[in-house]
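Accompanying notes for the structure given below.
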Amino acid sequence: MLADRMKRISSSPTLKVGLEAARLRRTGADVVDFGAGEPDFSTPPSAKAEAKAAIDADFTKYTANAGIDELKEAIANRYHSAYGVDYSPGQVIVTAGGKQALYNTAMALFGPGDEVVTHSPGWPSIPEQIRLADAAPVIVRTDAEDGFRVKPQAILSALTARTRGIIINSPGNPTGAVISEGDLALIADEAKARGIWVVLDLCYERLIYESVAHNLPMVLWSRMPELSIVTGSMSKAYAMTGWRCGWVIGPKQVIAACGAIQSHATSNVCSITQRAALGALEGPQGCVDEMLEEYRSRRDRVMDWLQSDSRIQLVRPAGAFYLFPDISELLLDCKIPTSVDFAQKLLTEAHVAVTPGEAFDAPGFLRISYATSIERLREGVDRIHKFIRSFGPAPGTA
Ligand code: GLU
């Protein structure tokens, strides 16, 4: 008999798509994978060199649970130079990816009877982690019509006497939408007045394509440092998903609480990974800009290709590396009941893996990750169009 909490959560739907694609690939199929939220680039040489040196120097034992001092300092320094905020290394804990950063935070801050407001379409692990902490997620919807903007009024009107936290992900997964500094400030001012935590998931902070002001850490730090948490990750900016390295930055007592939780769960992040992360943060940063430029060009080209069918409706995402088309019109034309069915058929019949919108609380949408080479993107989009044509010509084009 499983614990009661297992009735409330299920395993990650974003990870599941990758598993299905891998299973099909093992049967010999040539699968184009647009499912994974995972960069196709190599980890930067500076990270690899530090990792190799760590192994050779036998830097392979336990480290301090919260991470090595040099890495915590490098993370604090990066936030200082990028955003002007002043956090000490003691206000940082190194975690196994952004996922453990958010998990530790949820467990440290939320409990039974608490409500935590977040937005959708959104990354599925956020509400599940809130449930794992025995709190209740309160979901505020954002809409394609206004670019999936997180509206402060919508967040504020979801606050109740039970609200204990607000979690904002910007740029957002799967929409790529960014919240403006002004909008976050409105949320922060009210949260501060009510004593509510604001948690900022900045996992895609280095992947912003438009020139928008996005100094969100400063918005929180200058207003409510005692009630704000910033989480981040090496995974996306430095193509280091498998290394598992992220962080929580915040008030010392929250970092200590995260440390206590982590000390009974995983202990320190892999010692070699920590040295690799240090190498990446202190090494040349040109690789981050190069990846950004490549993602931008992929985003624009794939959008053009997909939109040649007017039933695929897209918002140009400002950040992250996903397109999130509304395919509801297409589903009607193709007589496919749901986007889950569409994604399943697309995988089995055309060998293209995408994540259905249902994974993000958005039926009728698909998430297409463009963190893959332009050749594979072209191939995958061609297959998508061919798959759609197999249901008949688009209305008005016969
Ligand atoms: N964050 C990535 C995604 O959304 C990786 C998978 C996961 O951990 O959810 O695809």
ask   = What is the magnitude of the charge dipole of segment 192-330 about its Cα centre, with +1 placed on the Cβ of each Lys and Arg, -1 on the Cβ of each Asp and Glu, and no other charges, expressed in debye to the nearest 20?
value = 520 debye
message = Using the crude model of +1 on Lys and Arg Cβ and -1 on Asp and Glu Cβ, and no other charge, please compute the dipole size for segment 186-273 relative to its Cα centre, in debye to 20.
response = 200 debye
query = Charges only on Cβ, +1 for Lys and Arg, -1 for Asp and Glu: so what's the dipole of the chain about the Cα centre, in debye to the nearest 20?
reply = 760 debye
inquiry  = Can you list residues from other chains, or at least 5 along the same chain, whose modelled amide H is less than 5 Å from the amide H of VAL138?
reply    = VAL116, VAL117, THR118
ask   = Over what distance in Å are the Cα centres of segment 87-120 and segment 332-395 separated?
value = 34 Å
ask   = DSSP beta bridges in the chain, what fraction antiparallel, as a percent rounded to 5?
value = 45 percent
key: GNM flexibility winner over the chain from ALA353, ALA213, ALA136 (Cα, springs under 10 Å)   = ALA213
request  = Compare GLY84, GLY250, GLY28 in a GNM of the chain, Cα atoms joined below 10 Å, and give the one with the largest fluctuation.
outcome  = GLY28
Length-normalised contact order of segment 232-295 in % [C-alpha pairs under 8 Å, at least 6 apart] = 31 percent
C-alpha long axis of helix 374-389 to longest principal axis of the chain, angle in ° = 50 degrees
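Each reported figure results from applying straightforward, stated rules to the coordinates on display, with no laboratory input. Predicted, not measured: the structure shown is a model, and the values here were computed from it. With ideal geometry, Cβ positions are generated from the backbone for all residues, glycine too; neighbour counts draw on all protein chains shown.
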